[in-house]
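J.: Take this structure, written in structure tokens, and hold onto it; I'll ask about it next.
The values are calculated or read from the model by the stated rules, or taken from the named source; none is laboratory data. Please read all numbers here as calculations on a predicted model, not as lab measurements. Cβ sites come from the backbone with ideal geometry, for glycine too, and all protein chains shown count toward neighbours.
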Amino acid sequence: MIKPASRTTLYQEVLKQMLEAVKDGTWTPGEKIPSEMELAEQFEVGRNSIREATKSLAVFGIVDSRPGQGTFISEDALRKITNTELMNYLFDNSSWVELMQIRIMLESQNVYWAAERATPDDIMELEEVLLRSTDSEEKIHPKNEENLKYHSDFHETIARIGGNKLALRLLRSIRSEIDAQRHEYLDLKDEDWDKMMVEHRQIVDLVKKHKPREAAETMKAHLMYGLEKIIKKVKK
């Protein structure tokens with residue numbers, strides 16, 4: 001029985017209830033689930049929360065989206081829920097730091113590959129993504145929800161340029177949970193946000209120069225800085 005989501009962490013609550021609906025038989029394998037709009041009304045949340053939860057289920061193969069038809073529960077959804085240990089972490093508050101640590105490891109390697117493999121077209125695409133959030137060190141776009149999305153786009157573009165499809169899929173599998181905590185980034189000081197945006201430019205420059213080791217080290221320092229700032233804020 002779907003209930004309105006609590007107002008603590010909407011994304012997690014929606015995802016948890018959707019998983020329970022599969023496990024308790026409310027939604028059965030092969031069944032089409034309600035539309036995004038219908039689910040938003042049932043959970044009493046915004047459509048973004050439904051979209052992020054559905055994306056997470058799709059990453060783990062628990063639902064299948066069929067263009068023009070809707071979203072369906074996978075035939076082997078129950079097995080995938082049982083076998084995917086990462087699912088247990090998604091509802092553990094302490095796991096967020098662990099997921100960030102995995103992200104740092106993944107993204108450092110992704111940018112290493114990107115710096116090795118980037119073509120002129122790849123560099124152009126990366127520059128275009130960068131310009132959505134920062135024009136230069138002197139003109140950095142403000143800290144807001146829209147620019148947080150561009151921040152995510154920047155990191156995903158690097159992963160795609162890196163060319164390892166499994167690494168990209170792993171990054172996406174933890175991205176939804178990390179994005180659920182992105183309000184923490186909105187609470188960062190402006191100077192911390194500006195520093196992180198300047199580091200994006202530095203990373204792009206290293207990719208352009210095909211310096212994989214330096215790019216990986218800069219990416220690691222970039223992500224560690226953000227993680228440390230958020231941990232310090234949470235502990236206050």
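J.: Within segment 66-78, is there a residue that is in a helix (DSSP H, G or I) and modelled with pLDDT under 85? Give the derivation first.
T.: Just the residues of segment 66-78 that are in a helix (DSSP H, G or I), to begin with: 77-78.
Still in the list and also modelled with pLDDT under 85: none.
Taking every residue of segment 66-78 in turn, none turns out to be in a helix (DSSP H, G or I) and modelled with pLDDT under 85.
J.: Pairs, please: C-beta under 7 Å, at least 6 apart or cross-chain, first residue more than 14 Å from residue 58 (Cβ to Cβ) and in segment 9-24, second at pLDDT 90 or above and not in a helix (DSSP H, G or I)?
T.: Correct list of pairs: 21/27.
J.: Applying the selection to segment 8-43, what residues are modelled with pLDDT under 90 and either touching a strand residue (DSSP E or B) at 6+ places or on another chain (Cβ under 7 Å) or outside any helix (DSSP H, G or I) (or both)?
T.: The answer is 8, 9.
J.: Six or more apart or on different chains, Cβ atoms under 6 Å: show the pairs whose first residue is in segment 150-177 and touching a residue at least 60 places away in the same chain (Cβ under 8 Å) and whose second is of a type in the set (Asp, Glu).
T.: Once the first residue is touching a residue at least 60 places away in the same chain (Cβ under 8 Å) and sits in segment 150-177, its partners that are of a type in the set (Asp, Glu) give 176/52.
J.: On the basis of being over 18 Å from residue 220 (Cα atoms) and either among the basic types (Lys, Arg) or modelled with pLDDT under 85 (or both), does residue 120 make the cut? If you could, list the steps in order and put the result at the bottom.
T.: On the way: over 18 Å from residue 220 (Cα atoms): yes; either among the basic types (Lys, Arg) or modelled with pLDDT under 85 (or both): no.
Considered against the rule, which asks whether it is over 18 Å from residue 220 (Cα atoms) and either among the basic types (Lys, Arg) or modelled with pLDDT under 85 (or both), residue 120 comes out as no.
J.: Additional query: Report those helices (runs of 4 or more DSSP H) wholly inside segment 162-236 carrying at least 1 residues which are under 21 Å from residue 123 (Cβ atoms), at pLDDT below 75 and not assigned by TED's automatic domain parsing to the domain that holds residue 106. Before the answer, list the steps.
T.: Working: elements: 165-180, 183-186, 190-208, 212-235.
Per the criteria, no element qualifies.
J.: Follow-up. Tell me which residues, restricted to segment 38-65, are touching a helix residue (DSSP H, G or I) at 6+ places or on another chain (Cβ under 8 Å), among the acidic types (Asp, Glu) and in contact (Cβ under 8 Å) with a residue 24 or more places away in the chain. If you could, list the steps in order and put the result at the bottom.
T.: Initial filter on segment 38-65 (touching a helix residue (DSSP H, G or I) at 6+ places or on another chain (Cβ under 8 Å)): 39-40, 43, 45-47, 49-57, 59-65.
Those left that are additionally among the acidic types (Asp, Glu): 52, 64.
The one that is touching a helix residue (DSSP H, G or I) at 6+ places or on another chain (Cβ under 8 Å), among the acidic types (Asp, Glu) and in contact (Cβ under 8 Å) with a residue 24 or more places away in the chain: 52.
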